[in-house]
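Below: one structure, written as structure tokens.
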Amino acid sequence: MYTIQKVSRSVFIPVRGLQYHVRVWGEPQPGQPPLVLVHGWMDVAASFQFVVDALAQDQFVIAPDWRGFGLTASGGADSFWYPDYLADLDALLDHFSPDRPVNLVGHSMGGNIAMLYAGVRPERVLHLINLEGFGLPATQPDQAPERLTRWLNEVKQHNSGTLSLKTYPSLQAVARRLMKNNPYVSEEKAHWLANHWSAELSPGQWTILGEASHKVINPQLYRVDEVLAIFRCIKAPVLMIEASDESMTQWWRGSFTLAEHRQRMQQVAQLEVVTVPDCGHMLHHDQPEALAGLIARFIAQVAGT
């Protein structure tokens, strides 16, 4: 089992009718902005433990479980919307850092949320680090009818109880699932993650701590022109960190490419792109020491310290 180096504490914050679970490491430091870490789809805040352990300097680190993930309830939602994530993040930053901007790190879905947030609340983000948050394929208006029809059908499926997440017979089986998904992750890390990524909700049935309704398609089309307009409003310097084991081709099968993503990122005024070797999409599990070094270097360099 992985042995943690820095112990976190759990706090629950009232946010927009939910009790938001937030994992916190350290204490506020005079003159030091908080480091806020936001996780991706079907992940949890504890996923950042390895990176926090690798940080050379003690920092005040805040990592929420998004609504419907980990220990944050969904409030009964049968689908999820990016605007809700933005409003949740806004409320959390108002709670933890009301008077100063933060250093914001987002992975995958969290990276996309962080990019949007930094464009619509530019004064709240001092530095932005995007870990494999690539965005989505472009859509066209004529896709809207089919998209909304699919959404209605999937919401009905969820509310009838026929949409569910896979269960596992043991914690070891959950760890094996994590290792199957990510060949880079070690067995000790996978077993540690399994304890935070899942729970035994009934005897002999371990369930991922994520609402099944996250599988319901978003009815909103991904409008690239709107996203690019938001990117142009980002004032913070942005560090885009990519994994060497590029997975976009496998995910999108040519409908969205790494080249397209990089072209979109050119709308960001201050941008640095780094590729980390020997890792996949879950690079915060695979190369936490490299990530911790990049985060510290980027924040210090751009801040001029």
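The values are calculated or read from the model by the stated rules, or taken from the named source; none is laboratory data. Source: prediction; values computed, not measured. With ideal geometry, Cβ positions are generated from the backbone for all residues, glycine too; neighbour counts draw on all protein chains shown.
Things worth noting here:
- For segment 4-13, the criterion of being among the basic types (Lys, Arg) and either surrounded by fewer than 20 Cβ atoms within 10 Å (Cβ to Cβ) or closer than 23 Å to residue 219 by Cα (or both) is satisfied by at least one residue.
- Output for segment 248-265, where each listed residue is in a loop (DSSP other than H, G, I, E, B) and surrounded by 14 or more Cβ atoms within 10 Å (Cβ to Cβ): 256, 257
- Taking segment 1-52 and the strands (runs of 3 or more DSSP E) fully enclosed by it, the elements with 1 or more residues that are out of contact with any strand residue (DSSP E or B) (no Cβ under 6 Å at 6 or more places or on another chain) are at 8-15, 18-25.
- Selected residue [surrounded by 23 or more Cβ atoms within 10 Å (Cβ to Cβ), out of contact with any Phe, Trp or Tyr (no Cβ under 7 Å at 6 or more places or on another chain) and of a type in the set (D, E, K, R)] from 123, 146, 132: 132
- No other residue among 130, 153, 112 is assigned to a strand (DSSP E or B) and on the phi < 0 side of the Ramachandran plot apart from 130.
- Odd one out for residue 292 among (1) in contact with a Lys or Arg (Cβ under 7 Å, 6 or more places away or on another chain); (2) within 17 Å of residue 107 (Cα to Cα): (1)
- Looking only at segment 230-244, and only at residues there that are in contact (Cβ under 8 Å) with a residue 60 or more places away in the chain and part of a loop (DSSP other than H, G, I, E, B), the one that is surrounded by the fewest Cβ atoms within 10 Å (Cβ to Cβ): 232
- Matching residues in segment 38-50 - criterion: being in contact (Cβ under 8 Å) with a residue 40 or more places away in the chain and closer than 14 Å to residue 196 by Cβ: 39, 42, 43, 44, 46, 47, 48, 49, 50
- Some residue of segment 74-82 being closer than 11 Å to residue 36 by Cβ and out of contact with any Gly (no Cβ under 6 Å at 6 or more places or on another chain): no
- Among (1) under 18 Å from residue 289 (Cα atoms); (2) in contact with a His (Cβ under 7 Å, 6 or more places away or on another chain) - the single one residue 56 does not satisfy: (2)
- If you filter segment 14-27 down to residues that are exposed (fewer than 12 other Cβ atoms within 10 Å of the Cβ) and without any contact (Cβ under 8 Å) to a residue 40 or more places away in the chain, you find that the one that is nearest to residue 136 (Cα to Cα) is 14.
- Residue match in segment 199-220 (condition: out of contact with any Asp or Glu (no Cβ under 9 Å at 6 or more places or on another chain), farther than 21 Å from residue 64 by Cβ and in contact (Cβ under 8 Å) with a residue 40 or more places away in the chain): yes
- Scanning segment 43-85 for residues that are closer than 16 Å to residue 108 by Cα and surrounded by fewer than 17 Cβ atoms within 10 Å (Cβ to Cβ) turns up 81, 82.
- When segment 256-288 is filtered for residues that are polar (S, T, N, Q) and within 18 Å of residue 106 (Cβ to Cβ), the ones remaining, listed by number, are 267, 270, 275, 287.
- Candidate set: segment 158-179, residues that are of a type outside the set (Val, Ile, Thr) and at pLDDT below 95; chosen: the one farthest from residue 210 (Cα to Cα): 160
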